[in-house]
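> Questions regarding the structure given below will be posed in turn.
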Amino acid sequence: MLISNQTTRAMEAVESRERDVLRAYTPGAFPETNDVERTPMPVYTADPLSVTAPQDAFFVTADGARALYTRDGRFAFKDGVLVDSSGRAVLGFANERAPLAPLRADPVDAALGRTGTAAVQSDGSVTYERRTIDPRTGIAEVSRAVVGRIALARFAAATKLQAVDAEHFAAPAQIAPHVGRAQDGNFTAVRPFSHDSSAVDIDLGLERLQEAYIALDAMRAAGVAQYGAQKTAMDLLK
């Protein structure tokens, strides 16, 4: 028995609803369907490299030659490079005049494990402690090294971003965001020691998933009934 176009669409709706429910506990995730979307809230954490972007902003990450945008601020250092939870390099500015680029710690500091003390500040600065010993006096000294400031991006309100996965989005062709820094006059402060919750409302997601299953069952029942009627008609003609 062939599957009708209506049944195929019903099956696709179930799959989409299932993916939305699975995203309900993924930090920074957005649903595929807008009717289960909610305003995400900061989730507090003890991780000093986790940070929440302003409500209307995204972090910028590198995906090869293109930039991707995410609300998931669970960052870490990998081989001296600041990366997001998917391992993509986080873009920012090494200093006030530097171009947008992956944020990298000093190679020597990274090799010595000094990035283990790294933290994100409210202005998006990524810093870590640099402990040294004066060879003449033997006195330990502590200074604070600044890797740079994490970039923020904002799109026009009507911009429809293209989902790459649950947490990452690409800009539409010929659409460029406004890119800046926290507390630069265009963006407010970021929120350290937190990360964005999912933008999927789990209760609504489960309701819509149940509705999608009911619709699929109805389509299947209708298809079976139609097939049965056609078979009966063919048998009568024999």
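> Name every residue in the range 37-68 that is surrounded by 24 or more Cβ atoms within 10 Å (Cβ to Cβ) and either touching an Asp or Glu at 6+ places or on another chain (Cβ under 9 Å) or not in a loop (DSSP other than H, G, I, E, B) (or both), in order of residue number.
S50, V51, T52, A53, F58, F59, T61, L68
> Residue by residue through the range 18-36, note down the ones that are touching a helix residue (DSSP H, G or I) at 6+ places or on another chain (Cβ under 7 Å), in a helix (DSSP H, G or I) and open to solvent by 40 Å² or more (accessible area, probe 1.4 Å).
E18, D35
> Would you say R71 is open to solvent by 30 Å² or more (accessible area, probe 1.4 Å) and basic (K, R)?
No.
> OK, next. Which residues, counting only those in the range 60-88, are of a type in the set (S, T, Y) and under 20 Å from V190 (Cα atoms)?
T61, Y69, T70, S85
> Only one of V179, V142, V190, V146 is under 30 Å from V90 (Cβ atoms), surrounded by fewer than 16 Cβ atoms within 10 Å (Cβ to Cβ) and modelled with pLDDT of 95 or more. Can you tell me which?
V146
> Right, another one. Please count how many residues of the range 193-224 are in a loop (DSSP other than H, G, I, E, B) and either open to solvent by 30 Å² or more (accessible area, probe 1.4 Å) or farther than 30 Å from T8 by Cα (or both).
Selection size over the range 193-224: 3.
> Under the condition of being touching a Leu at 6+ places or on another chain (Cβ under 8 Å) and small (G, A, S), which residue from the range 171-189 is farthest from L68 (Cα to Cα)?
A182
> Tell me which of these T7 doesn't satisfy, since it passes every other one: (1) under 19 Å from the mean Cα position of the chain (by Cα); (2) of a type outside the set (A, V, I, L, M, F, W, C); (3) crowded, with 16+ Cβ neighbours inside 10 Å.
Among (1) under 19 Å from the mean Cα position of the chain (by Cα); (2) of a type outside the set (A, V, I, L, M, F, W, C); (3) crowded, with 16+ Cβ neighbours inside 10 Å, the lone unmet condition for T7 is (1).
The values are calculated or read from the model by the stated rules, or taken from the named source; none is laboratory data. What you are looking at is a predicted structure, and each value in this text was computed from that prediction instead of being measured. Glycine also receives a Cβ, built like all others from the backbone with ideal geometry; neighbour counts cover every protein chain displayed. Areas reflect the complete protein model, heavy atoms only, side chains present, ligands, DNA and RNA absent. Shrake-Rupley method; radii C 1.70, N 1.55, O 1.52, S 1.80 Å.
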